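The values are calculated or read from the model by the stated rules, or taken from the named source; none is laboratory data. Nothing here was measured: the structure is a model prediction, and the numbers come from that model. Quick reminder, even Gly has a Cβ in these numbers, built from the backbone with ideal geometry, and neighbours come from all protein chains shown. Just the protein is used for accessible areas: all its heavy atoms, side chains included, with ligands, DNA and RNA removed. Shrake-Rupley method; radii C 1.70, N 1.55, O 1.52, S 1.80 Å.
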Amino acid sequence: MKKIYFTTPIYYVNASPHLGHAYTTLIVDIVSRFYKLINYEVFFLTGTDEHGDKIQKAAKEKGKDPKVFVDEISFIFKKTWDYFNISYNKFIRTTSKEHKKVVQFILQKLYEKGEIYLDEYEGLYCYGCERFLTNKELDKMGRCKDHKIQPELIKEKNYFFNLDKYRSWLKEYIEKNDLIYPGFYKDEVLNMLEEELPPLCISRPKERLSWGIELPFDTNYVTYVWFDALINYLSGIGYPENPEWEKWWENVHHFIAKDILRPHAIYWPIMLKAMDIPIYKKLFVHGYWLVNHFKMSKTLGNIIDPIDIAERFGKDQLRYFLLREMAFGYDAEFSLTNFIIRINADLANDYGNLIYRTLNLVEKYFESKVPSLGDLQPEDIELLESVKIALKDYEFFFLNFQFYKALEKLWEAIRKTNVYIDRTSPWSEVKKGDFIRAGTILRVLLESMKSFAIALYPLMPETSKILLENLSIEAKDILWEKVFHFDLLKEGTPIKKGKPLYPRIEKISYINLGAIP
Ligand code: ME8
């Protein structure tokens, strides 16, 4: 079995997770589940980033000891991912003993190699980004473009890592390798590499920040944030002690949003190069979820709680919307109006109706048992052919991270299948007494539906599982290759109609959502 390793960013624990965090985690969950469907062995790592100024400050504001504070918020992240049935293999915390040990091991190694040195540096520091900014990263008012806050001028003796030494190597590496997706972020990184890279400050004197990992070669300092955080991708798979780590590392894929492009596309490959560890396979960069045209963030107060949405409208509905509505790499607007229109049109009308109508007819005319497949007519063959093509397109676009296109293709087939019911009108065949023809039509519908449900399993696992169980599909048959088998169901097997899986969202249920547009 081929192995593949996916990661989410590890999120700061200064506040509870919001829809932006949920998006990256859900995407990685969906992609991981898809790779399992196509027979990969998957390792999925997520976790929390728990050191640094910002977290120390947040704990102080709440009057809590940082350790108590990070334990609480990290637990909320974990509970949130458990609520969403996220299929992660490991949840890494940067305050764990195992992680700290790896950070200290790497720091010592790089120090001995002469990569880390003590120096005095003056620069503009953004506490939102937890790093020094270059001039290009400031807006006209001299604020951080991302966080809209004034960076602080800091002059301090600290330990540094010389990034610029590796600049031309990295430029060439990125130019030659297909490292960053979508391509326009690759261009953005190459553009960043045109400018000299400021040294990466990796320490803080203990008297100013105690909430970090002590430097193994100087106990007056701690390391925090980037030098600590990025290393989670290695400590999370047991580097360096567990020999298994290398097997996963060979095929590692990181998912992030564009806010942390520079650390992942510049600091991280350079750190890996300095440690003689192969560079990751790919960095996937998505855009922001915007609310009222601004990035959803705690500072702006336009946060959406993913559990709130899932509780009201369904977990699978939320997963579907997020994947369908955002073109990977670009920003997308979250609004309830868009959400409701999308769910009602695609899930309640198109897919939900197809399921409900078909199961209803099978119940009415065939006592809820799988009818036999008679001779196929040209209209049946035409439909199955277009379903097959749509599934191939779906697979292609899914594996190329063009999720909305993948879903568009699948939905074209779902709509065609709905048209097929009307065109073939199995009820008229029943009226004529031709049960063999009516049964064949319904069987074609059931087989198509089962293929849609398997294809959508990674995306909407809860509802797809119910549908597949209702169709008596065994768990061992939930495999990608089975979507092309149009005789998977067994004649005479009982099937269940069940409750509607994708009910229409009526106005009444979203009336009280306050500030959310
Ligand atoms: O940056 N839209 O943590 P963080 C889409 N600890 N995604 C969003 C988003 C939005 N509006 N807001 C947040 C950190 N995200 C560091 C990472 S990794 C070694 C260390 C998601 O809590 C998105 O994945 O600020 C983004 O990259 C991440 O949350 C930032 O999370």
Practice problem: Give the Debye-formula value of log10 I(q)/I(0) at each listed q (0.06 Å⁻¹), with one equal scatterer per alpha carbon of the chain, two decimals each. | Solution: -0.34
Quiz item: If we sort 161-168, 189-196 on the protection proxy, mean other Cβ atoms within 10 Å, highest first, what's the order?
Solution: 161-168, 189-196
Exercise. Using packing as a proxy for protection, rank 116-122, 64-70 so that the peptide with the highest average count of other Cβ atoms within 10 Å comes first.
Key: 64-70, 116-122
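If Lys and Arg each add +1 and Asp and Glu each add -1, what is the summed charge of the other residues whose beta carbon sits under 13 Å from the beta carbon of Ile478? Present the calculation step by step, with values, prior to reporting the outcome.
Details: positive: Arg33, Lys36, Lys450, Lys465, Lys476, Lys482; negative: Glu469, Glu474, Asp477, Glu481.
Its environment carries a net charge of +2.
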Quiz item: If one computes the Cα centroid of region 230-245 and of region 268-306, what distance in Å separates the two points?
Solution: 21
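In whole percent, and with a 1.4 Å probe on the protein chains, what portion of the accessible area of region 336-484 is carbon and sulfur? Provide the component values of the computation, followed by the final result.
Values: 3130 of 6030 Å².
Reported share for carbon and sulfur atoms: 52 percent.
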Practice problem: Please arrange Leu124, Leu459 by accessible surface area, largest first, computed with a 1.4 Å probe and ligands excluded. | Solution: Leu124, Leu459
Quiz item: How large is ³J(HN,Hα), in whole Hz, for each residue of region 38-47 in order, when computed from phi with the Karplus curve 6.51 cos²θ - 1.76 cosθ + 1.60 and θ = phi - 60°, using x for Gly and Pro?
Solution: 9, 6, 9, 8, 10, 10, 10, 10, 9, x
Self-check item: Anchor Lys62: aspartates and glutamates whose Cα lies under 17 Å away (excluding residues fewer than 8 positions away in-chain)
Solution: Glu50, Asp53, Asp71, Glu72
Quiz item: Roughly how big is the chain's charge dipole about its Cα centre, with Cβ charges of +1 (Lys, Arg) and -1 (Asp, Glu), in debye to the nearest 20?
Solution: 860
Quiz item: Mind listing P(r) for region 372-445? All alpha-carbon pairs, 10 Å bins, whole percents.
Solution: 21, 42, 24, 12, 2
Self-check item: Helical mean residue ellipticity (222 nm; -39500 (n - 2.57) per DSSP H run of 4+; nearest 500) of the chain
Solution: -13500 deg cm²/dmol
Quiz item: About the Cα centre of region 206-325, what is the dipole size in debye to 20, counting +1 per Lys and Arg Cβ and -1 per Asp and Glu Cβ, all else neutral?
Solution: 560
Quiz prompt | Relative contact order (%) - the chain, alpha-carbon pairs under 8 angstrom, separation at least six | solution = 15
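Determine the alpha carbon to alpha carbon distance for each of Lys36/Lys392; Lys136/Lys186; Lys2/Lys315 and list only those over 20 Å.
Working: Lys36/Lys392 17 Å; Lys136/Lys186 17 Å; Lys2/Lys315 30 Å.
Among Lys36/Lys392; Lys136/Lys186; Lys2/Lys315, the Cα-Cα distance tops 20 Å for Lys2/Lys315.
Over 21 Å between Cα atoms: which of Lys100/Lys206; Lys113/Lys165; Lys97/Lys282; Lys176/Lys409; Lys113/Lys258 fall into that group?
Numbers: Lys100/Lys206 16 Å; Lys113/Lys165 14 Å; Lys97/Lys282 28 Å; Lys176/Lys409 32 Å; Lys113/Lys258 32 Å.
Long pairs (Cα-Cα over 21 Å): Lys97/Lys282; Lys176/Lys409; Lys113/Lys258.
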Quiz prompt | Average accessible surface area per residue within region 336-484, 1.4 Å rolling probe, Å² | solution = 40
Exercise. Determine the shape class of region 336-484: with a ≥ b ≥ c the square roots of the Cα gyration tensor eigenvalues, call it rounded for a/c under 1.5, and otherwise prolate if a/b is greater than b/c, oblate otherwise.
Key: prolate
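Pop out the carbon and sulfur fraction of the accessible area of region 99-216 as a percent, whole number, probe 1.4 Å. Don't jump to the answer; show the numbers that get you there.
Numbers: 2890 of 6030 Å².
Of all accessible area on region 99-216, carbon and sulfur atoms account for 48 percent.
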Quiz prompt | Largest to smallest accessible area among Thr219, Thr48 [probe 1.4 Å] | solution = Thr219, Thr48
Exercise. Provide the packing ranking of 488-499, 364-375, 34-45, i.e. peptides ordered by the mean count of other C-beta atoms within 10 Å per residue, highest first.
Key: 34-45, 364-375, 488-499
Quiz item: Using the alpha-carbon centroid of each, what span in Å lies between region 91-139 and region 71-90?
Solution: 26
Practice problem: Collect residues whose amide H, placed 1.01 Å from N in the peptide plane, falls under 5 Å from the amide H of Tyr288; neighbours closer than 5 in sequence don't count. | Solution: Asp331, Ala332
Quiz prompt | 12 Å Cα-Cα reach of Lys148 towards aspartates and glutamates, excluding residues that sit fewer than 8 places from it in its own chain | solution = Glu137, Asp139
Quiz item: Taking a Cβ-Cβ separation under 4.7 Å as the criterion for a possible partner, which cysteines of the chain have none?
Solution: Cys201
Quiz item: Counting Lys and Arg as +1 and Asp and Glu as -1, what is the net charge of the other residues whose Cβ lies under 12 Å from the Cβ of Pro216?
Solution: 0
Quiz item: Can you pull the accessible area of Leu445 for me, 1.4 Å probe, Å² to the nearest 10?
Solution: 0
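Ranked from the most accessible area to the least, with a 1.4 Å probe and all protein chains present, what is the order of Glu333, Glu130, Glu172? Each step should come with its number before you reach the end.
Details: Glu333 50, Glu130 5, Glu172 95 Å².
From most exposed to least exposed: Glu172, Glu333, Glu130.
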Quiz item: How many angstrom lie between the C-alpha centres of region 455-494 and region 1-54?
Solution: 26
Quiz item: Under a Cβ-Cβ cut-off of 11 Å, what is the net charge of the residues other than Lys109 that fall near it, where Lys and Arg count +1 and Asp and Glu count -1?
Solution: -2
